[in-house]
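Trainee: Right, I'll just put the structure down here and ask away after.
The values are calculated or read from the model by the stated rules, or taken from the named source; none is laboratory data. Source: prediction; values computed, not measured. A quick note on method: Cβ atoms are made from the backbone with ideal geometry, for glycine too, and the neighbour counts reach across all protein chains shown. Calculation scope for accessible area: heavy atoms of the full protein, side chains included, ligands and nucleic acids excluded. Shrake-Rupley method; radii C 1.70, N 1.55, O 1.52, S 1.80 Å.
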Amino acid sequence: MPVRLTPYPSNTMIHLSLILLSTASVFASPHAPRWDDLKVKHAWNSVPENWVLEGSAPEGAAIDLRIALKPQDEDALVKALYEVSNPEHERYGMHLDQTDVANLVAPHPDTNALVSAWLSHHDIPASSISTTETGDWLIISAVPVTKADALLGANYRIYRHETTDSTLLRTIGYSLPEALHQHIDVVAPTTYFSNAHAMRATSSDDMDSEVMQDNADIRAEVAQIQAEGQPSGIPDSCKTIITPACLRVLYNSAWYVPKAADKNKLGITGYLDNYANFADLQTFYQKLAPPYVGNNFTVVDVNGGQNDQGKPGREANLDIQYGSSISHPTPNIFYSTGGSPPYIPDAITPTNTNEPYLEWLDYILAQDTIPQTISTSYGDSEQTVPFDYAQKVCNKFAQLGARGVSLLFSSGDLGVGGDSCTTNDGTNRTQFTPNFPASCPFVTTVGGTTSIGPEIAANLSAVLRIAKGLSFSLLSISTCTAWTASALFIPDHTVTVDFSYAYLYCAAQS
């Protein structure tokens, strides 16, 4: 009997008899699909840079597979997102709910029938299959690696990163029956070699700098700003340390107090076992934002994530300390997502098979209530991410955007060149290499500045689309719109714009 793909949201529920009927018609057709007629879905020319083959998967190893089903209308989601996001459109601000989004991304019934028959052919038990809340991804649990190889025409092996020694269970390429190429967008994990340190915190820090001591002058300036609002000039202390009060002054918001703290929330994501510390936040408040002492954040654990108070993380602390200070009194939620390296093996899954962004996205999209703004300071070099995988993850960000969520990503701390300005496709061309997901067109990417009087763009920042090159990205260029390009803002005092490379960027594509 063909496998039934369950559960679907009620609005996209398909009765078992319809699936059986459709599947029966597939097999009855003289043009019934051949499941052994495999066609490459994605493959690298060689083992990705900095990775080496370690060996075969251990006997009995298993992997959790995710299958992204093509939506019935591939343009519907992005169309809806642009309509509710464009200030000039009549639907501006009319954000969708979870059911609306599920309707837009629902696969065609024929897709369900064909994928059901394919999985049944390979004896995938129905009990191991579930769907995400929106019904556009299947999750198949504990698939033996030998069966995954047969299912996908793959060759899963263990690969080790030469610098970090982290290991992954991945394949250099995979295939699908030709009949399924128009029904399945991507299968994961397959060819995405995510490195524990490449998916790094994208801030930059100086490990040799001195720890800031309590300073009465700084505390006095902070207190004055908080009491009196926007000063006429920039406080002297901002020349040596950037406090939350300095940021408020620099961006002319010292006077502003959020008006809807009872409704709005700020989400901050955490990966890589990087934990935000409650006691450190109070110390930060005592030194730099005394009125906020006693205020705190809440923690949501995703996919087995933790928040070990004995192991405070530099990135997590930075994000929550400045985020909560700037947004006060808006409540902050710290999402600690497990499943990303460092990885703890078990008897069934001895090497890392997780895709951390997917784990977090599956969780957040299943929630009825989501923070209106969510900030993330992690990323990977875009060219290490298979294009179809990146597109599908971007579409999940689009689902959040259509529901009214603003997603902020840091641009990275390696400029427009990443680790190098050389492509990894075998041609070794010189090319800008932005970060992902910062290059996704459905998120807002934020770069860094340095100094004051004047404030200038930081050399390490990869954000400014015309001057710094982030939009040299297949993801951004392919979906650029006139109204997003016209909204790009480069303050006169921030950077001298070099238009030499304008033909590469979003603004030139509109």
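Trainee: Summing +1 for each Lys or Arg and -1 for each Asp or Glu, what net charge is found among the other residues whose Cβ lies under 14 Å from the Cβ of E54?
Mentor: Details: positive: R157, R160, R170; negative: E162, D165.
Surrounding charge for E54 is +1.
Trainee: Still on this structure: Roll a 1.4 Å probe over the protein heavy atoms and report the accessible area of S406 in Å², nearest 10.
Mentor: Probe radius 1.4 Å; accessible area of S406 about 60 Å².
Trainee: Additional query: I need the phi-derived Karplus couplings for region 392-405: 6.51 cos²θ - 1.76 cosθ + 1.60, θ = phi - 60°, integer Hz, Gly and Pro marked x.
Mentor: Values, residue by residue: 5, 5, 4, 5, 5, 5, 5, 4, 5, x, 5, 8, x, 9 Hz.
Trainee: Quick check: with the 1.4 Å probe, what order do R91, R429 take by accessible area, largest first? Walk me through the numbers before you get to the answer.
Mentor: Numbers: R91 70, R429 110 Å².
So, going from the largest accessible area down, we get R429, R91.
Trainee: Taking H as built 1.01 Å from N, whose amide H comes closer than 5 Å to the amide H of A438, not counting residues under 5 places away?
Mentor: Those lying under 5 Å, H to H, from A438 are D380.
Trainee: How many angstrom lie between the Cα centre of region 96-121 and the Cα centre of region 53-74?
Mentor: 18
Trainee: Along the Cα→Cβ direction, 7 angstrom out, place labels at I242 and D100. What is the inter-label distance in nm?
Mentor: 3.6
Trainee: Points 7 angstrom from Cα along the Cβ direction at Q367 and T283: gap in nanometres?
Mentor: That separation, rounded to one decimal, is 2.8 nm.
Trainee: Mind scanning K41/K265; K259/K287; K79/K147; K147/K311; K70/K311; K79/K265 and naming the pairs with a C-alpha gap bigger than 31 Å? Provide the component values of the computation, followed by the final result.
Mentor: Numbers: K41/K265 40 Å; K259/K287 26 Å; K79/K147 38 Å; K147/K311 39 Å; K70/K311 41 Å; K79/K265 26 Å.
Cα-Cα > 31 Å for K41/K265; K79/K147; K147/K311; K70/K311; rest within.
Trainee: Right, here's the next one. Give the ranking of E59, E49 by solvent-accessible surface, highest area first, calculated with a 1.4 Å probe.
Mentor: Working: E59 190, E49 135 Å².
Sorted descending by solvent-accessible area, the residues read E59, E49.
Trainee: How far apart, in nanometres, would the label points at T427 and N303 be if each is projected 7 angstrom from Cα along the Cα-to-Cβ direction?
Mentor: Taking the simple label geometry, T427 and N303 are separated by 3.2 nm.
Trainee: What does the charge count around W137 come to, taking other residues whose C-beta lies under 13 Å from its C-beta (Lys +1, Arg +1, Asp -1, Glu -1)?
Mentor: Details: positive: R66, K70, K392, K396; negative: D64, E133, D136, D185, E355, E359, D362.
In short, -3.
Trainee: Please report the accessible area of R219 (heavy atoms, 1.4 Å probe, ligands and nucleic acids excluded) in Å², nearest 10.
Mentor: My reading of the accessible area for R219 is about 90 Å².
Trainee: To continue, here is another question. How large is ³J(HN,Hα) for each residue in region 158-169, as worked out from phi by the Karplus curve 6.51 cos²θ - 1.76 cosθ + 1.60 (θ = phi - 60°), to whole Hz, x for Gly and Pro?
Mentor: Values per residue, Gly and Pro as x: 8, 10, 10, 7, 5, 8, 9, 6, 5, 10, 9, 9 Hz.
Trainee: A further question follows. Sequence-distant or interchain residues sharing an amide H contact under 5 Å with S375, placed H: which?
Mentor: Excluding prolines and chain starts, which carry no amide H, the hits are G267, I268, T269, L408.
Trainee: If you take every residue apart from Y335 with its C-beta less than 13 Å away from the C-beta of Y335, what net charge results, scoring Lys and Arg +1 and Asp and Glu -1?
Mentor: Values: positive: K265; negative: D301, D319, E359, D362.
Local net charge: -3.
Trainee: Beta carbons within 10 angstrom, averaged per residue: use that to sort the peptides 307-313, 437-443, highest first.
Mentor: With the highest mean Cβ count within 10 Å placed first, the list reads 437-443, 307-313.
Trainee: Also, I was wondering about something else. Restricting attention to region 250-309, which trypsin sites (Lys or Arg not before Pro) occupy a DSSP loop and are surrounded by at most 16 other Cβ atoms within 10 Å? Show your work: numbers first, answer last.
Mentor: Details: sites: K259, K263, K265, K287; in loops: K259, K263, K265.
Here the sparse-neighbourhood loop sites are K259, K263.
Trainee: How do Y256, Y251, Y159 stack up against each other in accessible area, from largest to smallest, with a 1.4 angstrom probe?
Mentor: Details: Y256 95, Y251 130, Y159 10 Å².
Reading off the accessible areas and sorting them downward yields Y251, Y256, Y159.
Trainee: When the Karplus curve 6.51 cos²θ - 1.76 cosθ + 1.60 is applied with θ = phi - 60°, which whole-Hz ³J(HN,Hα) does each residue of region 439-451 get, with x for Gly and Pro?
Mentor: 7, 5, x, 9, 10, 9, 9, 10, x, x, 10, 9, 6
Trainee: Residues with amide H under 5 Å of V300's amide H, sequence separation 5 or more or different chain, H placed in the peptide plane at 1.01 Å from N; which?
Mentor: HN-HN under 5 Å from V300: F334, Y335, S336.
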